[in-house]
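See structure below.
The values are calculated or read from the model by the stated rules, or taken from the named source; none is laboratory data. These numbers come from a predicted model, not from an experiment. No Cβ is skipped: glycine too gets one built from the backbone with ideal geometry, and neighbour counts run over all protein chains shown. Only protein heavy atoms, including side chains, enter the accessible area calculation; ligands, DNA and RNA are left aside. Shrake-Rupley method; radii C 1.70, N 1.55, O 1.52, S 1.80 Å.
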Amino acid sequence: MKKFNFKKVLDGLTSSSAPPAKPETEITETLGSEHFQVSKTVRHGFPYQPTAMAYDPVQHILAIGCKSGSIRLFGRPGVDCHVMHDNDAAVLQLIFLVNEGALVSVCSDDSLHLWNLRQKRPAILHSLKYNRERITYCHLPFQSKWLYIGTERGNVHIANIESFVLSGYVINWNKAIELSQRTHPGPVVSLSDNPTDSTKLLIGFETGMIVQWDLKTKTAECRYACEQQTLHSLAWHHEGKQFMCSHSDGSLSVWNYRSPSKPAQVFQPHGHPAQKGSKPEACRPIMKVAWPTSRTGDPFIVFSDGLPYERSGRRPCITVMQGKSVTVLEMEYPVVNFLPVSSTPWPNDFQDPYAIIVLLENDLVVIDLTTPGYPCFQNPYPMDLHESPVTCCTYYADCPPEMIPAFYTVGSRQQKKTGFSDKNWPVKGGEWGTSTCSYPEIIITGHADGSLKFWDASAVTLQLLYKLRTSKIFEKQPLNQSTEYEEDPFAIVKIAMCCESRILCVAGTSGHVIVYRYNKVETTVDVPTLEIALVYEVDDLDSPDTDQIPPPMPPPSSSVGSAGSGGMPSPSPHHSTSSEGAEKVGSPLLKVKSGPQKMVPGYQVDLCAQLVTVEGEPPSQILCLAINSLYGLMAFGNMQGLAIVDIIQKTTLLNLGTPDLYGSADPYTRTQPRSPQRKKPPAGLGDLGEAQAVEQERCRSPTTERDESNGVCLSPTGTTRKKLADIKRNRNQPRPRMSKAHSTASMEGNGGDADSKDGSFSRSRSSSMSSLENVSAEGINCLSFTESYTRKTGPSKSRHRRPSKEQQHVTPAFFPTPTTYMVTPEHSEAFEHHKRKVHQTLSLDPVTSPCLWVGTTLGSVLVIVLNLPPQGDQRLTQPVIVSPSGHSPDVEKEERNSRKAKFTSMLNNRLRWGLMKHRTTQWDHLGTILRLKGAILAMSFLDCNGMTIPPLFAKWEDPKKKEENREAKDGQSMQRRGWQQLQHLHRQKAPSSPTTETISDRQFVVICSEKQAKVISLPSQTCAYKLNITETSFVCKADVVSIASEYMSIIHSALSYVLSVLGAIKSHFKS
């Protein structure tokens, strides 16, 4: 059996990674460097920073060049191609060889390239580089083999388009102007041949000098001296007797071909006529003019800009003049270029334009000239991908086949845009490609305005299926106290969707999380809300009697954490509420509309959970979001802590600060959490108040610093101090560093890795390990619901003796009594179910159970056990018990009791202050803690065969059919069937014997952080593989994907290279 070697996988992709450690387990090697190659597949959205445009009127193909050197080719909807130059030089000009399948590109590095578009993948056939002169303008006449190239020095060179070689014919600027002008005419800004005589070339210079050059006699026939300011463009009339010029003073001049002495007409289309003795009105320059003619009426004059400076505040515009009609079309963005679209490529014929293609900086607009009012065509390309800035994006592959038609059905019912042309899209060239995905793909984009767009990505181009606006459920004045999110209070930061159940969770920048359920019919409902306060409290104990939890007391106003109609009993109303807690907890930043709201078909709001302000500080941004439709649970976390919500009963199950999740197994020494905004001294004190604050900071007791542990500050006098977590953090500040505490707690939960470097790491992106600090900030960065092993067993293939019957039924020392949980009679069955689960976990038989794996910003991975009631009616009424990882078995008994007492006291205060409505959290003394360097980015679970364990889900059902199935006596809901199938597939116990049994690992968890990647075997929690990815940079994105039925971890580093870290993991262990 050949050993798996990551070096072969990484060979050829990167050489900066350190070689991985030698694995202990020998497995089959199936992947190598030859299996991986990063390549581009498709590019969506509007071309970034467009600079040039060209159109083939015969093939109906549109080309757009960009500043980055890329070219996008568009045809009919669905025809899209992206090509790139070898360098990053900006594309200055594009010229089609009409009806020949070729394109000429002019770049800013003074090079010309001839592209062959007739092959499947467009490629460059020839290139031409200028070294002595800079190219300013090129012109290729229709059906001509000569390309005219104007330069910055005023010269014109001629190249053969077939061989792409310069000829010896050069038009020098001094011969072109001779003695008509004493100074240099400037760069060539325009070249155009006479429509009726291709031997006559019109050369326009920047200073306003225009020369008619005879190519046969190599002489200048006529010279036209424009008295106006700078020349920008030229346009011929199709008869070849007149041409028009545009100038920098906003004027247009018309010249007769045979009368070079003075122009036939000069006018300012948007300027007022000059009065006697006054100057004409100053206007902005007209950058381009076109003069297409029509058989049925007056010719069109189309130009860009030219408005008076007094009205410069108006948007950029395109002006269309025909006879006495003048139409100004305002644009949302600056105009890059425009092209009239005609039905003939011949310049000496009537063009009869029927459309104008306008390229803007951030949009593509096509104007219909055949319809009164000149409406725009509706763009079939996904150009509006960035209609509102994209703030979040998620991709789902291999979706259920009925999902895309369902989204399209509800999306087609949405109100369509009005005011567009009824004509077909004029860019209609190309043919449909056959390279479509065999599986459906969906991309969901979240935007700054709070909207979500669902795109069908199965084909080459994106197709908009459905649009959802999350801001509809909030009132118009969203901000209550804080002004931090005034720009985009509804911006989407995280998206999580279960494709099978069609449950969607969306997190916004104002600390709100909305749960949506798909419904095909219109409904009217009240939006259930939950208000959650994530607080990290530092609390020392004054009384040893901490096991008894005082009954919860209702807050003075609306209860925090209630959902209106939860399945949990209400607290007793005769207790008083702590005023201290009421002062700490504020209100959400956004206010949900009250009363019934109309929900159109599609995604309808099922629950809105909002983080509230604490001590006037807004909640920090949500960093991670997870949903499980089978469990009916949702979890999200930020820099303060973690919240778990029951989306079925609409209740908050857990809201704890991140340090509280460790319990007695906290490996860090935590300092006092402080607010980043230091309180200012009273007005009028001046420097005295500042000096006093500094003196107080200097005089802190050293004993206080040394006695800080797990967020608890023990002062020398033994007084109690309570503080709140660091709620508000500047997003641009680096995340804080933290050092490992000197504790006697066992580190066996580290996956069997005793490397001290894993325990003393820095959250900083720097590789230096010498500047560690004791800080309190640690956030939740990654969440994953799964069915996995929650406790550690012995090493792989080790023998353990089965405990006696009496030992199996021994209650653990810390298992709380039923009175601790305030178990009511209607919840006694759920409590007994939970108790049986704990006893089952204590036995030596490893068994999978529902759990939530939590990854923090400091590289820790914790496991929260989920004890779910049986499916059916009991799930709707009985509570879910969550058990955070809170203890290491090797800690001294006194330390365990002390930690447990602090944990219990913290829950008491939350109940008293109204932060938690019910006691649904238990102390779990069998916690699992794994640690890596850097923030945790991704976690994925593999079975013993190396295949990814599929996510758990409940199949979506039509609400009407679901009610019919419930009423039927012999019917069984699909959710119940999914639950039974889950137990059959995943709850696999090891074969046992009366005396001994052999325990082997049956799962792998792949964990990737900003610095490392590890494969942990479960349930032994041994490190099968470990890889140090980078020390100088950091990983910004990681995921486990399937390639040819095998799985690998793809990691995107900040150094813009991609590493394939983990190949297919097979469990062909050697016996």
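Working carefully through the options Leu140, Leu166, Leu114, Leu103, find the one that is touching a Phe, Trp or Tyr at 6+ places or on another chain (Cβ under 8 Å) and over 21 Å from Phe74 (Cα atoms).
Checking each option against the conditions leaves just Leu140.
Would you call Val79 open to solvent by less than 40 Å² (accessible area, probe 1.4 Å) and within 23 Å of Ser163 (Cα to Cα)?
No, not satisfied.
Looking only at strands (runs of 3 or more DSSP E) that fall completely inside the stretch 251-360, which ones have 3 or more residues that are open to solvent by less than 50 Å² (accessible area, probe 1.4 Å) and not basic (Lys, Arg)?
Ranges flagged: 252-256, 286-290, 300-305, 317-322, 335-341, 355-360.
I'm told Gly32 meets every condition in (1) at positive phi; (2) modelled with pLDDT of 50 or more; (3) out of contact with any Asp or Glu (no Cβ under 6 Å at 6 or more places or on another chain) except one. Can you identify the failing condition by its number?
(1)
How many residues does the stretch 464-478 hold that are more than 15 Å from Tyr381 (Cα to Cα) and open to solvent by 50 Å² or more (accessible area, probe 1.4 Å)?
Adding up the residues that qualify gives 5.
Take the conditions modelled with pLDDT of 50 or more, open to solvent by less than 70 Å² (accessible area, probe 1.4 Å) and touching a Lys or Arg at 6+ places or on another chain (Cβ under 9 Å) and apply them to Ala1024. Does it pass?
yes
Give me the pairs: first residue in the stretch 237-256 and over 17 Å from Thr293 (Cβ atoms), second residue in a loop (DSSP other than H, G, I, E, B) and among the hydroxyl-bearing types (Ser, Thr, Tyr), beta-carbon distance under 7 Å, and six or more apart or on different chains, which are they?
His247/Thr230; Ser248/Thr230
Looking at Thr445, Thr461 in this structure, which one is of a type in the set (S, T, N, Q), in contact with a His (Cβ under 8 Å, 6 or more places away or on another chain) and in contact (Cβ under 8 Å) with a residue 40 or more places away in the chain?
On inspection, the qualifying residue turns out to be Thr461.
Starting from residues that are part of a strand (DSSP E or B) and in contact with a Gly (Cβ under 8 Å, 6 or more places away or on another chain), keep the ones in the stretch 165-191 and report whichever is most open to solvent (accessible area, probe 1.4 Å).
Val189
Kindly indicate the residue of the stretch 442-463 that is surrounded by fewer than 20 Cβ atoms within 10 Å (Cβ to Cβ) and at pLDDT 90 or above and also nearest to Gly78 (Cα to Cα) among those meeting that condition.
This residue is Ile443.
It is to be established whether one or more residues within the stretch 525-539 are at pLDDT below 50, surrounded by fewer than 20 Cβ atoms within 10 Å (Cβ to Cβ), in contact with a Lys or Arg (Cβ under 6 Å, 6 or more places away or on another chain) and of a type outside the set (Gly, Ala, Ser).
The answer is yes; a qualifying residue exists.
Could you list all residues from the stretch 87-108 that are of a type in the set (D, E, K, R) and touching a residue at least 12 places away in the same chain (Cβ under 8 Å)?
Scanning the stretch 87-108 gives a single hit, Asp88.
Between Leu125, Leu114, which is loosely packed, with under 15 Cβ neighbours inside 10 Å and either of a type in the set (A, V, I, L, M) or modelled with pLDDT of 95 or more (or both)?
Criteria check complete, one pass: Leu125.
Looking at Leu201, is it under 19 Å from Ala290 (Cα atoms), within 48 Å of the chain's Cα centre (by Cα) and buried (at least 18 other Cβ atoms within 10 Å of the Cβ)?
In short, no.
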